[in-house]
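Shown next, in structure tokens, is the structure this report addresses.
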Amino acid sequence: MIRLFLTILFCVTLFSCGPSDREQAQQEQRAEQLQNQMIQTTPDFDNKMEEILDTYFDLKNAFVRSDAILSKEIAQSLASIPEQVNVQGLNQPSEEIWASLRDSIEEQSRQIIEQDNVVDQRYHFESLSEAMITLVESYQPVDYEIYHQSCPMVRDGSADWLSREEQVKNPYHGESMVNCGEIIQKL
């Protein structure tokens, strides 16, 4: 009886002390508004981000096909785009985020170019994908849905990527496990 009473008391305390669903939704909305106020972009910047995304999607599809040669070619194209991005008109937080992402995109693209084996290239695609996810979450540069997908079976852990298509096409395993993964969120 005492155990039942303590369990009920614990549950009531647990659920009554936390924010309600409405309060939590309001907190999330305020955080998103604050984030949107901090991030400023220009149409020129957004166009370059879209070009980067398009090239990234091409690279992802080359990895789905396990094509190391094509992956190198596309990574070469991807590595050259960030230097063309005009940051004029961005505020300081937007510029700082871009500087970090630019460095990561360029570095991981160069690493892919240097590898001949698709397995080794995919290792760098993993870090590149993390940067691309941050890019989309930070700037929201396109007006179409992007799918954040994940595979739980990559190198003793999980790895994420972005896709324009809802259907999972795994870039980390290619044809051997092409449908392995799930959608984490729509961006």
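Is it the case, given these coordinates, that GLU23 is at negative phi, assigned to a helix (DSSP H, G or I), modelled with pLDDT under 95 and acidic (Asp, Glu)? Criteria met by GLU23. What is the residue count in the stretch 139-161 for residues that are within 19 Å of ASP120 (Cα to Cα) and surrounded by 14 or more Cβ atoms within 10 Å (Cβ to Cβ)? The total comes to 8. Just one of the listed residues (ARG122, ARG102, ARG164) is modelled with pLDDT of 95 or more and surrounded by fewer than 18 Cβ atoms within 10 Å (Cβ to Cβ), namely ARG164. Hey, any hits in the stretch 165-184 for a residue that's touching a strand residue (DSSP E or B) at 6+ places or on another chain (Cβ under 6 Å), among the β-branched types (Val, Ile, Thr) and part of a strand (DSSP E or B)? Yes, the conditions are met somewhere in the stretch 165-184. In the stretch 41-73, of all residues being assigned to a helix (DSSP H, G or I) and among the basic types (Lys, Arg), the one that is surrounded by the most Cβ atoms within 10 Å (Cβ to Cβ) corresponds to LYS60.
Every residue in the stretch 92-130 that is in contact with a Ser or Thr (Cβ under 9 Å, 6 or more places away or on another chain) and aromatic (Phe, Trp, Tyr), please. Hits for the stretch 92-130 are TRP98, PHE125.
In the condition set (1) touching a helix residue (DSSP H, G or I) at 6+ places or on another chain (Cβ under 8 Å); (2) modelled with pLDDT under 95, LEU70 is compliant with all but (2).
The single condition among (1) β-branched (Val, Ile, Thr); (2) over 25 Å from ILE183 (Cα atoms); (3) not in a helix (DSSP H, G or I) that VAL142 does not satisfy is (2). A search for C-beta distances below 7 Å between a residue of the stretch 134-146 that is in contact (Cβ under 8 Å) with a residue 40 or more places away in the chain and of a type in the set (Phe, Trp, Tyr) and any residue that is buried (at least 16 other Cβ atoms within 10 Å of the Cβ) and not in a loop (DSSP other than H, G, I, E, B), counting only pairs 6+ apart in sequence or on different chains, returns TYR139/MET49. Suppose we keep only residues that are in contact (Cβ under 8 Å) with a residue 24 or more places away in the chain and small (Gly, Ala, Ser) within the stretch 74-99. Which one would you say is surrounded by the most Cβ atoms within 10 Å (Cβ to Cβ)? Filtering the stretch 74-99 for residues that are in contact (Cβ under 8 Å) with a residue 24 or more places away in the chain and small (Gly, Ala, Ser), the one surrounded by the most Cβ atoms within 10 Å (Cβ to Cβ) comes out as ALA75.
The values are calculated or read from the model by the stated rules, or taken from the named source; none is laboratory data. As the structure is a computational prediction, the values presented were derived from the model and not from experiment. All Cβ positions, even for glycine, are placed from backbone atoms using ideal geometry, and neighbour counts span all protein chains on display.
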